[in-house]
Structure formats: structure tokens, C-alpha cells
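Report on the following structure.
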Amino acid sequence: MLHPKLIHPKSIVVVGGSDNIHSPGGRVLKNLLDHQFEGNLFVVNPKQDVVQGVRSYNDINDLPEVDLAIIAIAAKYVVEAVKVLTQKKNTKGFIIFSAGFSEKDEAGAKLEREIVGLINEAGGSLLGPNNIGLINKHYTGVFTTPIPKLDENGVDFISGSGATAVFIIEAAKSMGLTFSSLYTVGNSAQIGVEEILEYLDRSFDKETSSRVKLLYIESIKNPLKFLEHTASLIGKGCKIAAIKAGSSEEGNRAASSHTGAIANSDVFVDTLFKKAGILRCYGRNELITVAGILQQKESEGKNIAIITHAGGPAVMLTDVLSKNGLKIPHLEGKESKALLDKLFDGSTVSNPIDFLATGNAGQLDAIIEYCENSTQIDAITVIFGSPGLTAVDDVYAVLDKKINTSKKPIYAVLPSVVNVKNEIREFIKKGNIAFHDEVLFGQALSKVYNQTPVRKKTKNPVLQFSTKIRKLINALPDGYLPTEVAISLLETAGVKFAVPLQARNQAELNNISNSVTYPVVLKVEGPLHKSDVGGVILNVSNEVELHDNFHKLMQIEGATSVMIQPMIKGMELFIGAKKETNYPHVILCGLGGIFVEVLKDISAAMTPVSDEEALQMITDLKAAPILKGIRGQAGINIKLFADTIVKISDLLTLVPEIAELDLNPLMATQNDLTAVDVRIRLERSVKKLQPNQINEIA
């Protein structure tokens, strides 16, 4: 948890403060002064007694006790400064701008660890090093510009990159997005994104706290902590949008199974965000556009009215919204005709509502009023720019009034950033958001409106014979489980399996051949990918074929035995799972057989998976209509497929050592679902997550 003196210090020292406002130490001091920090302010500068009008100490040892230190000196001097501050000056809050630590080399990393050790020993909190600082309502502790407009109803923004934070603030300022706070974590030596989220979660006040959080993340060191606090904030009514850049350390690890090849690091991020309810964005402009939408009133539906005086942008916006499942309902009837009578000839009101380049403020007022009273409309978008012929102050005044009085959300898309830049500036000063690009806006609106809440699993799995499973797993080495053990695990988990007969040699084949019911499938054991080496033979229909094909398969390099299974017909499905670093398992589903890696039509979710999540995974597949049955072809038992996904999720919770699991294929019909092949790999180097840990955040 962040120390209170980092958040609300009564005194601040800038170590390395100077009169040079083009240096980090000089600029942060200027920012603190310009934004009227109300506490005691000091400087440490060995060459000056006064810096920017502030008392300066030549020796840090002469400094009085101070709550917060902002440090902007060379890396090699930071350890000694921190030692004095922690041991002699009772300093608990630290912001270190200085670079040259773990981001540079091992020598820098060693210095960083020493600094963290000193601050931990003192019970303090460190933001950085190698960051740009912190802004909240108490102080402006950054060395950059511009300083965003602070507003209690603005967004809380956490960034792993100082430069990216600056670029986002610049873009946000141009559209009117305001901020409640800014935290940049730099190297995250002690405090990372997760710790800031923990603070925002535990200090959340439903009356005063911001309800929109923005994240730019370069690393998630503790996914469970991240998930716990993002899910908690969203549960309290917050909205979170985030960019995750880069991949985890093992993201490019060579994988041996179908699941390993598909479930890359980005899948883990995707499913983590989905589990929490985070809107994932992929660029700065998308992030702030989503944030601007989240700052508006919430819509009760997906029916959008588009009001415009320019046909082209309305057409492009209509295309984007329609392709993403939002509705642009056709408007007609006597009310619609009455509205048309108020507009100039050539106008249309069918939706989009085009009131021409000559349209005026009074007409816009009438159109919005019509949409406000229409039961067919849930939200309104107004696209209004200018060819530069006349001022449009009156139009934007109407728009401002309607945004504040309408019960429905009204989004202002104002593309004329040159011709009417002054009018847009005044519109923004009144507290409004101005979106500049209709296509980017439409994509962001679709993302916000199409987000579906996740119904999480609420109970820990209790599988029969779980003690037996643990005893079995504990006795096994890392690596792939013997097929018979993997099958036993699945059957214990409640997954139906076409149990094979196994023959390692001719004698064993002779012993079991009389018990075989034809047709059967023969599969070689030993080689990793059976199909790649011709290790699967279907429709073996008699004893002669059985013996001939057995010998053929045993000639394959690496063959150890042959599995003989009944030939089961049905649609081929796939369920897989993967564990990476300290993330919970990701579970995947889709069409099976060769389609897994060829079509890559896969849905994924992070464990534990609820019944509702499993059904949503299946619904999200492009192949979902095929699974349900199409053009006279029978579908499969969707509920049974979903139940099997949940059973695998429960098994993974009880056996966290499972690094990869493949059920491919499962043979599905309208009435049955049977697994016919399995591969399970154990890896104890992955962090074990106990069921109670997972359930705490689920």
C-alpha cells in the first residue's frame, strides 16, 4: 500500500533542484510553485542558497525532516541521498527521476536494489526510478509539460512510460479529457501498476473518486494482484481502459503442443483483461477516445442517431457502427415529417439526419429534441464542423446545452480543428469532450457498447478423488504424463474418454485382439505429433488390418506402443490449456483436429471458468453456427461442450502444475461428447496458484 506521505505530503524537498527550468530538477520545482503546493518546500543544491525563491541546503544532512523527496541527481549519488533521508530525515515518500539503474545494466540494477532496500527498511514508498513523477490534487510532482487540467471527475491515469504519459496528456488536452491523477512508475522498482491499483481500490470513495481509470502497461509482475484490484474497482462501478505493450518473458518460448503454439503471451493479457472487465486498447488515440466516451452518460441500448451537416463523415461512421453490431435505426412517421418541415430543402431525417452545410443552431436544437423524445434512439452523435465561411459559436452553444440537459448521451464529433479551433476551444473549456475523427470515434464507441460483463465462477471446484489426484501428481516427474495417467485424470474430472487398449509388442496385441470391436483407430505412442509422422490410422475393420497396421506403426521412429480405440464418429472439437509464469491458466476451445492451427478459430478464457463464461467462449467462435447446426446439418450438444470446458478448468485449479493440456480431438454429436486423444505436460517451475488464491479474485 502506498505511504500516505507519498500521496499527501506536508513537506517536499527537491534534491537537485535548480534555476534551470529546462532540467528535471528545475522544472519540477517550477511546477510545484506554479501549481501552489501548500506545504513546506525545500531544495538541496550544493552551489546555491536560494533556488527559484526557495530555501536551498548545500548539504542534505542540514535539511529538516521532510515527508517527500523528489530526486533529480546522477544515479551514482542517489543511494547516499536516500540513506540520509530514510535514516535521518524521516522521509517516507520518494520519487526518483534519475535514470541509469536497472534499465541500463547490472551495476545500475544493484544500485536500484540497494535503494529499494533502504526505503523498505524505513517503511516508505518509492515511485520510479526513471519516471516523470506524480500529479494529484495535493501537488504537481512532475518535470514535464503540459500539466493536465485536474478535475475530481477526470480520469486516473497510470503509466509505465513517462514519455507515453506526456503524449497521451497532450492528445487528451486537445479533446477536453481531464485528469484526476497521474502516476508514472518508471522501472517499478518497488511500486508498479498493481500497487497503484491497490491504492486506488482501497482508497475508493463512491462520492469523490474518479470512475474512469486509464492504464499504459509495459509489464504485469503480479497478475493476480492486478486482477484482484481491477476487478474490485470495476465491481465498485469504475470503468478501466488499458494498453498493454510488449510481451512476458516466456512469450516466445517454443511450444510443443497445439495449445502452446496458439496460447502466446498476448492471449494471457487478453484473457486477464477480459476476466477483470478491462477494455483493451492498442494505441494512444484509441485509449483517450474510449476514455472520452466513458466520461459521458451511459446509454440504455445500441440504437444510435447520427446528426450531421456533412454526408461523408456520417456515411463512414454509419459503416463502422453497423459493422460492429450497433444500430442506426430508420426514422419515419409523422414526427419525422414534422421535423423535416423545420429544415432546409434537401435535408434528410431518415438517419443519418443530414441538415446540410447551411444548417443552423435552431435546426440542430430541434433535431436533438426530436431524438431525445424518440423511443427508437438510445444515444446521439453530432458531427459538426465548418467550411470556414461563418463562425459556429451558436451551434456549439446549443450542443453544450443539450449535452448537459439530455437524458441520453450526446457525443460531439467536431472535425474542423483548424477552421473553428477557437469555437472548439471554448466548447472544451465548458467541460465538454470533442472527438475529432468519426471513424476512430465509431470504433471506440463500438468497443465500449459491445463489452459484455463477465459472470465469474464463485465456488472452488471439489472433484471426487482430489486427494488421490494430488498423491498421483506428486509422485510423477515433470514432463508428459503417460497416456493412461492422463486418461485417469480426465475421468476423475468427469470427462468422458474413449479408453484405449495398449499394445507394446506382438504378444500384447495377441492378448487383446479378441476383445476388439471393429472398426477401430490405431495411434502410435512416442512421437510428439502423431499425424505429422503418419501415426494415426482410421477405420481399421478386421483382425488382419489390425496386425498389419500395428507393425507399420511400430516401425515409426520413436514408437513405444500402439493405442487401439473404438472408431467414434462426430464433429471434431478441441479443448486446451496453458500455464505461463505466474498467470492463472488460460483455457481454449474451438474446432478440433487439423483445424486448430490451420483456422485458428479459438476462444480463450482465464481460469477459473464459470458456466456462463464457457458458453460465451463457444458463442464467440466463428464456427458457432456450425456447432449449433446449419443448413440441415445436425449440431452438437453445446451445453455438454461448455460443461466439459468447466470440468477442465476445475481440474487445472486442483492441479496447477499442469503446464499444457491438449484434448484434441473430442468427438461431439447432439447427444454425446467423448475425448479420444489427450496430452498433458507437468512443469513444477511454474508458480503454483492455490484454489483459494484464484477464487479470491474470481
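Computed from the coordinates by the stated procedures, all read-outs in this text should not be read as laboratory data. This structure is a prediction, so every number in the text was calculated from the model and none was measured. Here Cβ is always computed from backbone atoms with ideal geometry, including for glycine, and neighbour counts include all displayed protein chains.
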Inter-probe distance in nm under a simple model that places probes 7 Å from Cα toward Cβ, at residue 10 and residue 319: 6.2 nm
Spin-label pair residue 36/residue 506, simplified geometry with 7 Å Cα→Cβ offset, distance in nm: 9.8 nm
Largest-first semi-axes in Å of the equivalent ellipsoid built from the Cα gyration tensor of segment 76-163 are 26, 17, 10
With label points built 7 Å along Cα→Cβ from the Cα atoms of residue 460 and residue 685, find their separation and express it in nm. 2.9 nm
Which of 468, 225, 569 has the fewest other C-beta atoms within 10 Å, and how do the rest follow up to the most? 569, 468, 225
Once you have a ≥ b ≥ c as the square roots of the Cα gyration tensor eigenvalues for segment 362-452, tell me rounded if a/c is under 1.5, and otherwise prolate or oblate according to whether a/b is larger than b/c. oblate
The answer for the net charge of residues other than residue 368 whose Cβ lies under 11 angstrom from its Cβ, with Lys and Arg +1 and Asp and Glu -1, is 0
Diffing segment 77-83: the Karplus 3J(HN,Hα) column from phi (6.51, -1.76, 1.60, θ = phi - 60°), in whole Hz with x for Gly and Pro, holds 9, 5, 4, 5, 5, 5, 4
Segments 500-507, 626-633 sorted - mean Cβ within 10 Å per residue, highest first: 500-507, 626-633
Given H placed 1.01 Å from N in the peptide plane, which residues other than close sequence neighbours of residue 592 have an amide H under 5 Å from its amide H? 572, 573, 574
The helix 265-276 Cα axis meets the longest alpha-carbon principal axis of the chain at an angle in degrees, between 0 and 90 and rounded to 10, of 70 degrees
Packing-based exposure ordering (other Cβ within 10 Å, fewest first) of 340, 661: 340, 661
Rounded to the nearest 0.05, what FRET efficiency do residue 348 and residue 218 give with R0 = 56 Å and r taken as the Cβ-Cβ distance? Could you check? 0.70
Setting aside same-chain residues fewer than 8 positions from residue 337, which lysines have a Cα under 28 Å from its Cα? 302, 327, 401, 402, 407, 408
Given 275/496; 225/456; 137/213; 5/88; 323/622, the pairs whose alpha carbons are separated by over 19 Å: 275/496
Hey, for a label at residue 430 modelled as a point 7 Å past Cα toward Cβ, could you say which residues of segment 375-406 have their backbone N under 11 Å away? 393-405
Would you order 204, 641 from fewest to most other beta-carbon atoms within 10 Å of each residue's own beta-carbon? 204, 641
Net charge near residue 497: determine it from the other residues with C-beta under 14 Å of the C-beta of residue 497, scoring Lys and Arg +1 and Asp and Glu -1. -1
Once the other residues with Cβ under 14 Å from the Cβ of residue 343 are scored (Lys, Arg +1; Asp, Glu -1), what is the net sum? -4
Which angle from 0 to 90°, rounded to the nearest 10, does the C-alpha axis of helix 361-373 make with the longest principal axis of the chain? 40 degrees
What does the extension gain come out to for residue 622 and residue 548, with contour length at 0.36 nm per residue minus their alpha carbon separation? 22.6 nm
Charged-residue dipole, Cβ positions (Lys, Arg, Asp, Glu), the chain about Cα centre, Debye nearest 20: 860 debye
Summing -39500 (n - 2.57) over every DSSP H run of at least 4 in the chain, dividing by its residue total and rounding to the nearest 500, the 222 nm mean residue ellipticity is -11000 deg cm²/dmol
Express in nm, to one decimal, how much length is gained between residue 298 and residue 151 on full extension, taking 0.36 nm for each residue of separation and deducting their alpha carbon distance. 50.9 nm
By the Cα gyration tensor axes a ≥ b ≥ c (a/c under 1.5 gives rounded; else a/b larger than b/c gives prolate, otherwise oblate), the shape of segment 304-432 is rounded
In nm, what is the difference between 0.36 nm times the number of residues separating residue 611 and residue 637 and their Cα-Cα distance? 7.9 nm
Computed FRET value (nearest 0.05) for residue 472 with residue 282, which takes r as the C-beta separation and R₀ as 45 Å: 0.55
Tilt, helix 638-654 to longest principal axis of the chain (alpha-carbon atoms), in degrees rounded to tens, equals 80 degrees
